[in-house]
Amino acid sequence: MIEFTEEQKMLRDMVRDFAENEVLPIAAEIDKEERFPAETIEKIAKLGLLGIPIPEEFGGAGLDTISTVITVEELAKVCASTAITVDAHITLGTMPILSFGTEQQKNKYLPALASGKYLGAFGLTEPSGGSDAGNCKTTAVLNGDEWILNGSKVFITNANYSGTFVVTAKTQNQAGDSIISAFVVERENPGLSIGKSEKKMGWRGSDTRQIFLDNARVPKENLLGDPNHGFSQFLSILDTGRICIAALANGITHAALKEALKYTQERVAFGKPIYKFQGVQFPLAKIATKLHASRLMTYSVAKKDDAKENVTKEAAMAKLFASELAMKATTQAIQALGGFGYCREYPVERYFRDAKVLEIGEGTSEVQQLVIARKLLEEFG
Ligand SMILES: Cc1cc2nc3c(=O)[nH]c(=O)nc-3n(C[C@H](O)[C@H](O)[C@H](O)COP(=O)(O)OP(=O)(O)OC[C@H]3O[C@@H](n4cnc5c(N)ncnc54)[C@H](O)[C@@H]3O)c2cc1C
C-alpha cells in the first residue's frame, strides 16, 4: 500500500473517528427514512472536509486527490449515502470550477463551496441517456448579457441542497458548429426548477432529483472554461470522479467483509463457528485479496492524478474493478449471514443495495470497458 504522509494519516484518523461516532449511529436510520442527513453534512462542513481540494486562499484545505479518496473511503465504510454526498460535492460540483473557472468564478463560488454554504452538483445525464453523453439535448443561446438554457438533467446528486449546478449544454461556435459547453447555474437563476426526490434502491440518504432548465437565465460570465472543450473538460472531471467512486466501493467492500467476518466467527453450525469451514472462509479470503488489489489500484491512480498525469484508463479500471468487487463482496456477505443477511436487522443488505449503483453512476461498467478498450488501441495499435 502506498505510504501516507503524516498529514494524510491525521486526516484518515480524524475522518474514521467522525464516521464511527457521528455517521454510523444514524446510517441505518437515514436509509430507512430515505432522509438526507443535513445535520451530518453541516458537521462535515465544519471539519473542513467539503473544501478538501480547494486552495487555502479560497477557504479550502488545499489537499490532494489521495486525501479525497481517504475521506470518501472512510465515510463509505459506515454510510455510502454520506460518502456520495461529500464525493459528488467535491469531485463533480467543485472540481470543474476549480479546474476550469476564471479567477472571478473561483472567487465567487469556491469559498461558498469550501465552507458548505453551497453544496455542489453536476448535471451531465439527460432523460434521453447518460452513456451517450455527447448527444446532449440541453441548449444554451447567448442573448445580450445572459445565456438562455433549455432542457433537463436527471439523477442529479445533491440537487435539492445545492447552491450551484455545473451543467453541460449545446451551443454554437463562431463557425456555426454545434459544440458542448459548460455553465455554472445558480440555484436562484430564474428558470431553474428542481424535481421530486427519486425513490432509489440504495444511497437512500443521498438526494437525487431531476432539474429543469426552462428559459433559465444565466449571466454571460458563468460560461465555464473553454466553450469549445466543455465536453472534454467534463470527461476529465469524471477521471477524478471515478477514482473516488472506486474509493467508495472499497469502503463498502471493507464494511461487508468486516460484517461477514464478525458474524461467521459467532454463528455455530455442525458444532463449530461457521468461519472454520473452508466453504465459508475461502470466499472471504478471496474478497480480502481483491480488496487489497483494488485499494492498490485506487491509491496508485490517485497518486498519478495528483502528479497531473493522464489517468483516464486507470481511473476507469479502478472504478470497474472496485465496483464489481463491491457487488461480489456484498453478495457474498449476505450469503455468509444466511437468512439474517437477507433481513434489514443486519447491515449487509444495505451494503448490497448501496453497491449496485457503483456499476452505473459516473459511467456504467460497460462504459468503463469502452474507455479502457479505446485506450488499449492507442497503446497497442
Ligand atoms: C443514484 C444516481 C446518482 C447519479 N448522479 C448523477 C449526477 O450527479 N450527475 C449526473 O450527470 N448523472 C448522475 N447519474 C446518472 C448516471 O451517471 C447515469 O445513470 C449513467 O451514466 C448511465 O446512463 P443512463 O442511466 O442514461 O443509462 P443508458 O445510457 O441509457 O444505458 C443503459 C444501458 O445500456 C448500456 N449501454 C449504453 N451504451 C452502450 C454501449 N455503447 N456499449 C455497451 N453498453 C451500452 C449501459 O451500460 C447500460 O447498461 C446518477 C445516477 C444514479 C442512479
Calculate the spin-label point distance for residue 262 paired with residue 137, positioning each point 7 Å from the Cα along the beta-carbon direction, and give it in nanometres.
-> 4.6
Among 170, 43, 106, determine the one that fluctuates most according to a GNM of the chain built with springs between C-alpha atoms less than 10 Å apart.
-> 43
Would you mind checking which residues have amide H under 5 Å from residue 147's amide H? H placed 1.01 Å from N; only 5 or more apart, or other chain.
-> 218, 220
Environment charge of residue 131, counting only residues whose C-beta is closer than 12 Å and scoring Lys/Arg +1, Asp/Glu -1 = -4
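For the chain, what relative contact order do you get, as a whole percent, if you take Cα pairs closer than 8 Å and at least 6 residues apart? All intermediate terms of the calculation are to be shown ahead of the outcome.
Values: 731 pairs, mean separation 63.9, N = 381.
Normalised by residue count, the contact order of the chain is 17 percent.
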In nanometres, what is the gap between the two model label sites at residue 293 and residue 201, each 7 Å from Cα along Cα-to-Cβ?
-> 2.4
Residue by residue through the range 133-143, the couplings from Karplus 6.51 cos²θ - 1.76 cosθ + 1.60 with θ = phi - 60°, in Hz, x for Gly and Pro, are 5, x, 8, 6, 9, 5, 10, 9, 10, 7, 9
If eta is 1.002 mPa s and T is 20 °C, what Stokes-Einstein diffusion coefficient results for the chain, Kirkwood Rh from Cα pairs, in µm²/s?
-> 101
Spin-label zone in the range 57-91 - amide nitrogen under 19 Å from a point set 7 Å from the Cα of residue 309 along the C-beta vector | 64-70
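Ignoring chymotrypsin sites (Phe, Trp or Tyr not before Pro) that are buried or in helix or strand per DSSP, and keeping those with at most 14 other beta carbon atoms within 10 Å, what is the longest stretch of the chain between them?
Answer - 1-269.
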Fully extended contour minus Cα-Cα distance, from residue 229 to residue 32, at 0.36 nm per residue = 66.7 nm
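Holding the Cα-Cα limit at 30 Å, pick out from 276/313; 108/200; 196/356; 137/356; 153/286 the pairs that are longer than that. It would help to have the intermediate numbers written out before the result.
Values: 276/313 40 Å; 108/200 34 Å; 196/356 22 Å; 137/356 28 Å; 153/286 40 Å.
Exceeds cut-off: 276/313; 108/200; 153/286.
If Lys and Arg each add +1 and Asp and Glu each add -1, what is the summed charge of the other residues whose beta carbon sits under 15 Å from the beta carbon of residue 3? Each step should come with its number before you reach the end.
Details: positive: 9, 12, 295, 303; negative: 6, 7, 64, 306.
Combined, the nearby Lys, Arg, Asp and Glu give 0.
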If you take the Cα Rg of the range 233-371 and divide it by 2.2 N^0.38 Å, with N the number of residues, what do you get?
-> 1.15
Treating cross-link reach as a plain straight distance, find the aspartates and glutamates whose alpha-carbon is under 15 Å from the alpha-carbon of residue 304, omitting any fewer than eight places away in the same chain.
-> 3, 64, 239, 314
Arranged by the count of other C-beta atoms within 10 angstrom, fewest first, what order do 244, 136 take?
-> 136, 244
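Find me the longest stretch of the chain that has none of the exposed GluC sites (Glu not before Pro), where exposed means in a DSSP loop (not H, G, I, E or B) with at most 11 other Cβ atoms within 10 Å. Walk me through the intermediate numbers first.
Numbers: sites that count: 3, 188, 309, 345.
It runs 4-187.
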Expected sort for 229, 254 with the fewest Cβ neighbours (10 Å cutoff) up front is 229, 254
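Helix-derived [θ] at 222 nm for the chain: sum -39500 (n - 2.57) over DSSP H runs of at least 4, divide by residue count, nearest 500?
Numbers: 12 runs with 192 residues, N = 381.
For the chain, the value works out to -16500 deg cm²/dmol.
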Where labels lie 7 Å past Cα in the beta-carbon direction, separation of residue 174 and residue 285 in nm = 6.7
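Every read-out reported here was derived from the displayed coordinates using simple, explicitly stated rules and does not represent laboratory data. Predicted model, so just to flag it, every value in this text is computed and none were measured. In this analysis, Cβ positions are derived from the backbone assuming ideal geometry, glycine residues included, and neighbour counts consider all displayed protein chains.
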